Every structure is written in structure tokens, then in C-alpha cells.
Amino acid sequence: MTTESSEQSKVPKSGSSGLETFYYDNQIVRMFLIASVIFGIVGMLVGLLAALQLVFPSLNFQLAYTTFGRIRPLHTNAVIFAFVGNGLFAGVYYSLQRLTKARMYSDLLSQINFWGWQLIILAAAISLPLGFTSGKEYAELEWPIDIAIALVWVVFGLNMFMTILKRRERHLYVAIWFYIATFVTVAVLHIVNSFELPVALFKSYSWYAGVQDALVQWWYGHNAVAFFLTTPYLGLMYYFVPKAANRPVYSYRLSIIHFWALIFIYIWAGPHHLLYNALPDWAQSLGTVFSIMLIAPSWGGMLNGLFTLRGAWDRVREDATLKFMVVAVTCYGLATFEGPMLSLKFVNAMSHFTDWTIAHVHVGGLGWNGFLTFGMMYFLFPRMFNTKLYSSKLANWHFWLGTLGIIFYALPMYWAGFTQSLMWKQFTEAGMLAYPNFLETVTQLKPMYAMRAFGGTLFLAGVFVMVYNLIKTAQSGSFNKNEAAEAAPLAPGYVAPKSDHWHRRLLEWRPVNMLVWSLILILIGGLVELVPTFLVKENIPTISSVKPYTPLELQGRDIYIREGCSNCHSQMIRPFRSETERYGEYSKAGEFVYDHPFLWGSKRTGPDLGREGGSKLRKPDSWHFNHMLDPESMSPNSIMPAYPWLFLNDLNTSLTVAKISAMKKLGVPYGDGYEDQAMDDLVKQQETIARSLQTDGIEISKDREIIALISYLQRLGRDIEGNQ
């Protein structure tokens with residue numbers, strides 16, 4: 001068993017040399033590392049289950065809480081915010097204390113940060129399988145949890161910034177620049193994207209609608225990747241790679257260019273997720289231009305990291321910690337080259353809605369975030385436990401299992417993406433779609449999905465090897481809870497000589513300046529892209545025939561969101577012949593003015609549903625009934641799960657009036673006093689659908705949830721038929 005060193009005084013003591021003795025808090029670092037490992041395993045297991053469900057649909061278990069649509073956001077939230085998030089906090093708390101030569105400002109704030117974050121993760125793990133979701137990718141958590149995230153993030157930022165202010169090291173090292181930018185930008189992104197109108201404790205509607213909601217969401221979504229998964233990990237790279245290699249950072253000037261160019265350019269790139277969508281062309285073009293520009297600072301950072309290892313390559317061959325870090329930085333370079341390439345319109349025309357995007361995301365997630373986290377853990381555990389790593393051989397085994405896992409994951413997904421795109425766009429010599437049945441493309445992908453699951457299994461196996469290695473390492477040492485250090489306090493009234501570099505004088509020695517200028521730079525791009533979309537009506541031309549959803553359709557839409565249907569189905573027909581031939585008229589901005597939230601989707605595992613209720617694709621109510629009860633009965637070889645609970649659950653109409661009232665507050669033009677009529681209209685539409693089903697020999701109560709869902713599916717695309 002491990003033993004902990006005795007509790008030391010946390011009050012600095014001055015010796016005759018003028019140095020102060022103080023103690024680094026390793027306890028909070030250990031807590032975040034353990035949480036990162038535990039939640040990493042949970043998140044990856046859920047991801048593996050989701051991958052296997054696309055090969056073996058029976059693994060959905062016909063349970064509401066384990067369907068792909070509900071556990072897919074559980075997987076993404078667990079990996080991003082629980083695994084990477086806890087790893088981020090661990091790395092920041094460890095490095096910041098040593099870079100500032102100061103203990104964290106408040107042990108209490110550190111503990112609030114830790115336990116608050118774990119409670120948020122627990123709330124996500126419970127609420128998402130229960131179907132409590134906002135329906136916005138990477139931001140699915142409902143409004144009470146959003147508020148908790150903001151509060152805990154402020155606690156983290158306050159603790160971090162107060163530590164910087166009481167530092168004993170005048171110079172702010174480059175890693176701290178990235179930490180500051182991360183704090184301020186994530187706060188802005190989260191607050192702006194999370195504006196919601198609550199209807200109940202776990203039900204709300206996005207404050208934005210349609211095109212505006214899409215732009216805000218992907219301004220957030222892209223920059224959540226940028227400022228939660230990238231900038232803080234770049235800070236960790238700038239600290240841990242030089243430390244592990246025992247080499248100085250390659251270029252100080254390159255660090256300056258990398259930091260300021262990256263945070264300024266990154267914030268503009270969000271619209272590249274919405275190319276060929278119903279977004280204004282100027283916004284799409286801005287997203288593309290700035291995405292291409294991102295290559296320069298991104299690769300500047302990658303090269304700065306790799307060149308730091310100059311003269312240490314012999315050690316890389318032997319040291320698993322450095323191996324993980326080298327592959328992590330390389331994957332960062334690959335992902336940040338591929339991302340701008342995917343933002344080119346001719347490439348995006350092929351890649352969007354396909355598994356190509358899944359491959360791209362996981363090269364960054366598994367390679368960059370995963371491997372840098374693993375390298376950091378191998379670096380930290382021996383140092384905090386005053387011992388050597390238990391087994392270098394096991395660490396190398398982990399490295400190769402993880403590397404092969406990434407390869408076996410990514411390559412099949414690239415192949416699947418190319419296959420999807422080619423099959424969707426293929427025409428015969430007679431000018432007809434070669435594969436008019438969308439399901440033909442799905443069945444071709446099963447072997448690739450199986451290979452992806454195999455890659456995920458290898459990656460997860462490596463994690464278990466690491467866990468064993470780290471436990472044995474901890475057991476062989478003695479944990480140093482409060483690590484003693486000495487440093488001289490900052491001299492008061494210090495004036496920097498004019499000969500010093502301007503960046504050092506004006507920013508690196510002035511953390512408040514660093515924070516303010518970081519905030520200004522990230523706000524510029526956000527304001528330029530978002531403000532015109534909200535203030536200039538010409539950006540979203542309305543369509544007179546588009547009407548608000550009926551009360552039953554609104555309830556059905558909420559069920560659609562609850563079940564995570566938008567994780568597999570898009571509602572955005574792009575202006576390509578292959579799509580208009582398959583689905584009908586391409587989507588217009590004015591169609592979505594009453595959609596809170598938007599549901600354009602980002603992946604097509606199933607066909608687009610944007611025109612599902614229109615005359616070209618409209619199916620009888622009985623088809624949707626049978627399809628939701630047993631998908632293979634209507635679509636042989638379908639990988640869609642069944643939803644038997646929709647046929648057993650009565651529709652909860654207790655919030656119907658509140659939902660209509662909320663929509664009116666959001667600008668949806670229901671008539672004055674319509675709340676009093678809403679329930680009558682809902683019942684009439686229920687009876688109409690129940691009678692339609694009865695004519696096809698299906699007897700079911702009009703009060704069941706499936707009735708509401710059918711009403712929503714049959715509404716999609718009908719409003720604009722007269723305007724085509």
C-alpha cells in the first residue's frame with residue numbers, strides 16, 4: 001500500500017538566504033488523474049458499445065437507456081469533459097504551481113473545482129441516458145447543469161488567476177498563456193451557446209432558432225475543440241515535452257507567433273462545419289478562409305514541439321513517455337492539417353455527413369488528447385510517488401496497443417467515409433441514382449464498423465495495461481502530498497528595462513494584460529460572424545408558407561430530440577444533384593425559423609429526413625409505426641434500433657401549455673391566447689393519426705408517444721412544397 005508524507009505547513013517560511021519555503025499541492029493533481037483514468041475507461045467502454053451497436057443492432061438491448069441515440073452523447077461527453085477535462089485540470093494544477101513557484105491560491109477552491117466537476121459528470125451520466133438533452137452537439141446537458149458548469153469553471157479560473165498574481169516567478173511561461181486563453185474563451189463560448197429558456201427542471205429550448213442556432217452552435221462546437229481540447233493541451237505540451245526530454249523549447253519567438261495567431265484565427269473557423277448548408281454564403285466563406293489560415297500557427301506549434309526534442313531522439317526510442325508525446329504532437333499536426341483541408345468546399349462536398357469526419361475527430365481525440373494524457377500520467381506518477389515507473393516494458397506495450405488501436409480505428413473510418421460519399425453521389429449511365437436505397441450504403445459499411453470496434457478494443461486494452469502499471473508504480477513508492485520547494489518572492493516595484501523584449505515587458509509580466517488581450521482577440525471573430533446573422537434580416541429570408549409546429553408535432557419533435565435521432569439523421573439537403581434526386585428540393589434558411597434548437601445533424605448513419613413528410617418521400621403513418629416498432633420489418637438489414645417504449649408510454653402533456661408559452665416568448669407566432677386552445681388541437685391531431693393507423697389494421701391508443709413522433713415525421717418538408 002502507498003504511504004503519504006506527513007502534512008507540512010502550507011505557510012511560506014523565509015530563510016536566511018531570502019528564499020521562501022512553500023509546498024506544492026500534489027493531492028489535487030492525484031485526484032484529477034485518478035478521475036481521468038476512471039472516467040476515461042467508462043467513456044471508452046460506452047464508445048465501444050456504440051461502435052458495436054452499428055454492427056450488431058441487438059446490442060441496443062431494446063432498452064430506452066442503452067440505445068445508440070442516447071449513449072452516443074454520453075460517450076462524447078464522458079471522453080471530452082470527464083477523461084480529457086480531468087486530465088486537463090491535473091496537468092494545469094501540476095504545471096502552474098511549478099511555473100509560478102507558488103502553491104495554488106486556495107486549497108478550498110481546488111477541492112470545489114474537483115468535486116464540482118465530478119458532480120457535473122455524474123449528472124451528465126444520469127441525465128443523458130434518461131433522455132434529458134438540449135439536442136445540441138457537445139452541449140447536450142440541460143440548463144441546471146449548464147449553470148453548474150459555468151460556476152465551477154469560474155472557480156477554476158479564479159483559483160488559477162489568483163495563483164498567477166501571487167507568483168514568485170515574474171515571467172509567465174508560454175504554457176500559462178494558453179491556460180489563460182483557455183479559461184476566458186471557454187467561459188465566453190459556454191455562456192453564449194447555453195442561452196436557453198427553461199420550461200421545466202430538465203427541459204428547455206434554445207434561445208436561438210434555425211440558422212442562428214446552427215451558427216452559434218458550431219461557433220461553440222468548433223471552438224470547444226479549439227479551446228478545450230487544443231489550447232490547454234498545447235499548454236501542457238509546452239510544459240511536459242521539454243520536461244520529459246530535459247530540453248528547452250525550440251523557439252521562444254515561434255511560441256509567441258503560435259499563441260497569438262492561433263487564438264485569433266481559430267475563433268473564426270466554426271462555419272466550416274456548415275458548408276453547403278442553409279448558412280449565408282459570406283459566413284461559409286469566412287469559415288473556409290480562416291480555416292486554411294489555421295494551418296500556419298497549428299503547424300508552427302507542432303514543429304516547436306517536435307524540434308524541442310532535437311538531440312533527444314535516442315531517448316525517444318527507449319522512453320515510452322516521450323513516445324506517447326511524439327505521437328501526440330504528430331497527431332495534432334495531422335488533425336490540424338486535415339481540418340483545414342476538410343473546410344475546402346470541394347473536399348467538404350465529399351466528406352460532410354460521412355464517417356470521414358469520424359476518422360478525423362478520433363485522430364485528434366485518441367492521438368492528440370489521449371496520448372498526451374497518457375504521456376503526462378507516465379511522467380507524473382513516478383515523480384509524485386518518489387519512485388521509478390514499475391515497468392517500462394508494459395508502458396511500451398501500452399504505446400503499441402494504443403498506436404495500433406488508432407490505426408485500426410481511423411483507416412476503416414476513412415475507407416467508410418470514401419465509400420459513403422462515392423455511393424451517395426454515383427449515377428448510372430441513364431442518369432439515375434446508382435444506389436437509390438440509402439440502406440445499400442449502410443450495409444457496405446458493416447465490415448468497416450467491425451474493424452473500427454476492433455481498433456477501439458486495442459486502444460482500451462492499452463489503457464488497462466497502463467492502469468495496472470500505474471497502480472504498481474504507486475504501490476512501490478510513497479506519495480508526496482505536499483512537495484517542498486524554495487523560491488525568492490518577487491521584488492516589489494520592479495521596472496522592466498526597455499532593452500527587454502516588448503512581449504515580455506507588456507504581456508508576459510502582466511497577466512491582466514494577457515487576459516484582456518486574449519479576450520479582445522477571441523471576441524473579434526465571434527462578433528463579426530454572429531452579429532450580422534442576428535441583425536441583418538436578409539441573411540435569413542423567410543418563407544410565408546412555413547408555419548409553427550402544432551402542439552402534437554412540437555411534442556413529437558421533443559421525443560425525437562430525447563431519443564437522439566439527430567445523431568444518425570440529418571435534416572439538411574444540400575444543393576447537389578445527388579441529394580435533390582434522392583430527397584427533394586434543397587433546404588432553405590427560412591424553413592428553420594421556428595426550430596429551437598436546429599436539427600441539421602452532422603452525420604448520416606441513416607437517410608436525411610428533411611423532406612420525410614413531403615409528397616416525394618411521404619410514407620403512410622403505418623409505415624412509421626412499424627418501422628419504429630421493428631425497423632427490419634420495413635427496411636431489411638437495417639441497423640436502426642427498435643423503440644418499443646414509444647408504444648407503451650403515454651404522452652406527457654402536462655407541459656404542453658408551458659411549451660407553447662415558451663415558444664411564444666422565443667418569437668414563434670402562435671396567436672394570442674393559443675395556450676387555451678393547444679390541448680384541443682393536440683387531441684384532434686392524435687385522433688386523426690390513430691384513425692389513419694386503424695384503417696391499416698393497427699389498434700393503438702391515441703395517447704401513446706409514437707403518435708406524437710409520427711406527427712412530427714410527417715410534418716417534415718411539407719411547408720415548402722408550394723414554394724418549390
Completion exercise
With the charge dipole of region 309-420 built from beta-carbon charges (+1 for Lys and Arg, -1 for Asp and Glu) about the Cα centre, the Cα from Leu401, Met413, Ala335 projecting farthest to the positive end belongs to Leu401
Problem - For a label point 7 Å along the Cα-to-beta-carbon line of Lys547, residues of region 644-677 with backbone N under 12 Å - result: 670-671
Practice task
Please give, to one decimal in nm, the separation of the simple spin-label points placed at Lys619 and Ala296, each 7 Å out from Cα toward the Cβ.
Solution key: 5.1
Handout entry: Accessible-area value, Asp107, 1.4 Å probe, nucleic acids and ligands omitted, Å²
Key = 40
Practice task
Starting from the Cα of Phe647, move 7 Å in the Cα-to-Cβ direction to define the label point; list residues of region 556-570 whose amide nitrogen is under 20 Å from there.
Solution key: 556, 559-560, 563-565
Handout entry: Area of Ser251 that stays accessible when all protein chains are in place (1.4 Å probe, Å², to 10)
Key = 30
Practice task
Mind sorting out which of [x] 1.16; [y] 1.00; [z] 1.45 is the real Cα Rg over 2.2 N^0.38 Å computed from the coordinates?
Solution key: [y]
Fill in the blank from the handout: Once Lys and Arg are counted +1 and Asp and Glu -1 for all other residues with Cβ under 12 Å from that of Ser285, the total becomes -1
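So how much slack lies between Met341 and Ile407, counting 0.36 nm per residue of separation and subtracting their Cα-Cα distance, in nm?
Computed gain between Met341 and Ile407 is 21.7 nm.
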Exercise for the section: Using a 1.4 Å probe and ignoring any ligands, DNA or RNA, find the accessible area of His501 and quote it in Å² to the nearest 10. Expected result: 50
Exercise for the section: Report the full-extension gain for the segment Leu433 to Leu490: residue separation times 0.36 nm, less the Cα-Cα distance, to one decimal in nm. Expected result: 13.3 nm
Practice task
Report the relative contact order of the chain, percent, no decimals, based on alpha-carbon pairs under 8 angstrom and at least 6 residues apart.
Solution key: 18
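Can you tell me how much longer the chain between Ser476 and Ile520 gets when fully stretched, taken as 0.36 nm per residue apart minus their C-alpha distance, in nm with one decimal?
Here the segment from Ser476 to Ile520 would lengthen by 11.0 nm.
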Handout entry: Solvent-accessible ranking of Met451, Met104, largest area first, probe 1.4 Å
Key = Met451, Met104
Practice task
Compute the long axis of helix 705-715 from its Cα atoms, compare it with the longest principal axis of the Cα atoms of the chain, and write down the angle in degrees, 0 to 90, nearest 10.
Solution key: 80
Exercise for the section: Report, in whole Å, the centroid distance computed from the Cα atoms of region 649-707 and region 428-507. Expected result: 46
Completion exercise
Row for region 200-319, column shape: gyration tensor on C-alpha, a ≥ b ≥ c, rounded if a/c < 1.5 i.e. under 1.5, prolate if a/b over b/c, else oblate; value prolate
Fill in the blank from the handout: By accessible area (1.4 Å), largest first, Arg247, Arg691, Arg574 order as Arg691, Arg247, Arg574
Exercise for the section: Provide Rg over Rh for region 204-249; use the alpha carbon set for both Rg and the Kirkwood Rh (inverse mean inverse pair distance). Expected result: 1.35
Handout entry: region 146-201, accessible surface, carbon-and-sulfur percent (1.4 angstrom probe)
Key = 80
Practice task
With everything on Cα atoms, drop me the angle between helix 656-665 and the longest principal axis of the chain, reported from 0 to 90° to the nearest 10.
Solution key: 70
Problem - the chain - accessible surface per residue (Å², probe 1.4 Å) - result: 38
Problem - Structure-based [θ]222 nm, the chain - -39500 (n - 2.57) summed over DSSP H runs of at least 4, per residue, nearest 500 - result: -19000 deg cm²/dmol
Exercise for the section: List the relative contact order of region 570-666 as a percent without decimals, with contacts defined as Cα pairs under 8 Å and 6+ residues apart. Expected result: 20
Practice task
Could you please put Thr100, Thr688, Thr387 in sequence from largest to smallest accessible area, using a 1.4 Å probe?
Solution key: Thr688, Thr387, Thr100
Exercise for the section: Treat each spin label as a single point 7 Å out from the Cα along the C-beta direction, and report the Ile38 to Trp282 distance in nm. Expected result: 5.1
Fill in the blank from the handout: At R0 = 45 Å the Cβ-Cβ FRET efficiency linking Ala150 and Arg577, nearest 0.05, sits at 0.50
Handout entry: Two-decimal Rg to Rh for region 336-470 - Kirkwood Rh, Cα set
Key = 1.15
Problem - DSSP-assigned coil residues among trypsin sites (Lys or Arg not before Pro) in region 351-446, each with at most 16 further Cβ atoms within 10 Å - result: Lys388
Exercise for the section: Show which lysines lie in cross-link reach of Lys425 when reach means a straight Cα distance below 29 angstrom and same-chain residues fewer than eight apart are skipped. Expected result: Lys136, Lys345, Lys446, Lys588, Lys603, Lys616, Lys619
Fill in the blank from the handout: Rounded to the nearest 5, the percent of antiparallel DSSP beta bridges in the chain equals 80
Problem - Sparse-neighbour loop sites [trypsin sites (Lys or Arg not before Pro); region 282-351; at most 10 other C-beta within 10 Å; DSSP] - result: Arg310
Problem - Nearest 10 degrees, 0 to 90: helix 85-100 Cα axis against the chain principal axis - result: 30
Practice task
Averaging sequence separations of C-alpha pairs under 8 Å and six or more residues apart, then dividing by the length of region 125-191, give the relative contact order as a whole percent.
Solution key: 28
Practice task
Pop out the carbon and sulfur fraction of the accessible area of region 567-702 as a percent, whole number, probe 1.4 Å.
Solution key: 49
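The values are calculated or read from the model by the stated rules, or taken from the named source; none is laboratory data. Everything numeric in this text was worked out from a predicted model, so none of it was measured. Every residue, glycine among them, receives a Cβ derived from its backbone with ideal geometry; neighbour counts consider all protein chains shown. Areas reflect the complete protein model, heavy atoms only, side chains present, ligands, DNA and RNA absent. Shrake-Rupley method; radii C 1.70, N 1.55, O 1.52, S 1.80 Å.
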